[in-house]
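S.K.: Next up is a structure, given as structure tokens.
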Amino acid sequence: MKPDQRTYELELTIAKFLRYGVVTCGVMIATGWLLNIKWEGNPFSLYRDYDPIPFWQLVGHYTRTGNYGAIICFVGLAGLVSLPVWRVLLTGILFYKQKEKSMALIAFFVFTLLIISFLLGVSVE
């Protein structure tokens, strides 16, 4: 197999991973929304009031009350948000396999900064 063909196949694999990831996460979010709808009365009454509750406290509440629709929605949203991070990591691996070490180093540096930014955004309460 020629190097260009191998590179093309790796890029195609990354593109398929991202495409299936977006579709899977979208289905999870839609499923979570559908499981959350109250089919009697106003289905949007759940979203009328906003309470600023810390994320982990909210997940604990949904787990205790059995609101798995909201948990599925959170998992889908987390997956959707993490896809660009996966893209940067997989691109770094692709550059490394192509022996483009400076581009791989830049991609891994960006990946590290993304992980650090996510960790700084998480509040521990």
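S.K.: May I ask for the angle, rounded to the nearest 10°, between helix 3-36 and the longest principal axis of the chain, with both axes built from Cα atoms and the value confined to 0 to 90°?
M.R.: Relative to the chain, helix 3-36 is tipped by roughly 0 degrees.
S.K.: Show K16, K99 ordered by accessible area, largest first, where the area counts protein heavy atoms only and the probe is 1.4 Å. Write out the running numbers ahead of the final one.
M.R.: Values: K16 90, K99 155 Å².
Greatest to least solvent exposure: K99, K16.
S.K.: Follow-up question, since we're still on this one. If you rank Y50, Y96 by how much accessible surface each has, with a 1.4 Å probe, what is the order from largest down? It would help to have the intermediate numbers written out before the result.
M.R.: Numbers: Y50 185, Y96 130 Å².
Sorted descending by solvent-accessible area, the residues read Y50, Y96.
S.K.: Rounded to the nearest 0.05, what FRET efficiency do S102 and R19 have when you use their Cβ-Cβ distance and R0 = 25 Å?
M.R.: The formula returns an efficiency of 0.30 here.
S.K.: Let me cross-check T112: its accessible surface, 1.4 Å probe, with only protein heavy atoms counted, in Å² to the nearest 10?
M.R.: Using a 1.4 Å probe on the heavy atoms, I get roughly 70 Å².
S.K.: What figure in square angstrom, to the nearest 10, would you give for the accessible area of L12 with a 1.4 Å probe?
M.R.: L12 has an accessible surface of roughly 70 Å² with all protein chains in place.
S.K.: Okay, next question. Would you mind calculating the gained length between S117 and H61 on full extension (0.36 nm times residue separation, minus the Cα-Cα distance), in nm to one decimal?
M.R.: Numbers: separation 56, 0.36 × 56 = 20.16 nm, distance 2.65 nm.
Additional length available on full extension: 17.5 nm.
S.K.: Provide V81, V59 ordered by accessible surface of protein heavy atoms (probe 1.4 Å), highest first.
M.R.: Values: V81 75, V59 30 Å².
Descending order: V81, V59.
S.K.: Which value, in Å² rounded to 10, gives the accessible area of C25 with a 1.4 Å probe and all protein chains present?
M.R.: Only protein atoms counted, so the area is about 10 Å².
The values are calculated or read from the model by the stated rules, or taken from the named source; none is laboratory data. Every value quoted in this text rests on a predicted model; they were computed, and no experiment measured them. FYI the Cβ positions are ideal-geometry reconstructions off the backbone, even for glycines, and counts take in every protein chain you see. Note: accessible area is taken over every heavy atom of the protein model, side chains too, but ligands, DNA and RNA are not part of it. Shrake-Rupley method; radii C 1.70, N 1.55, O 1.52, S 1.80 Å.
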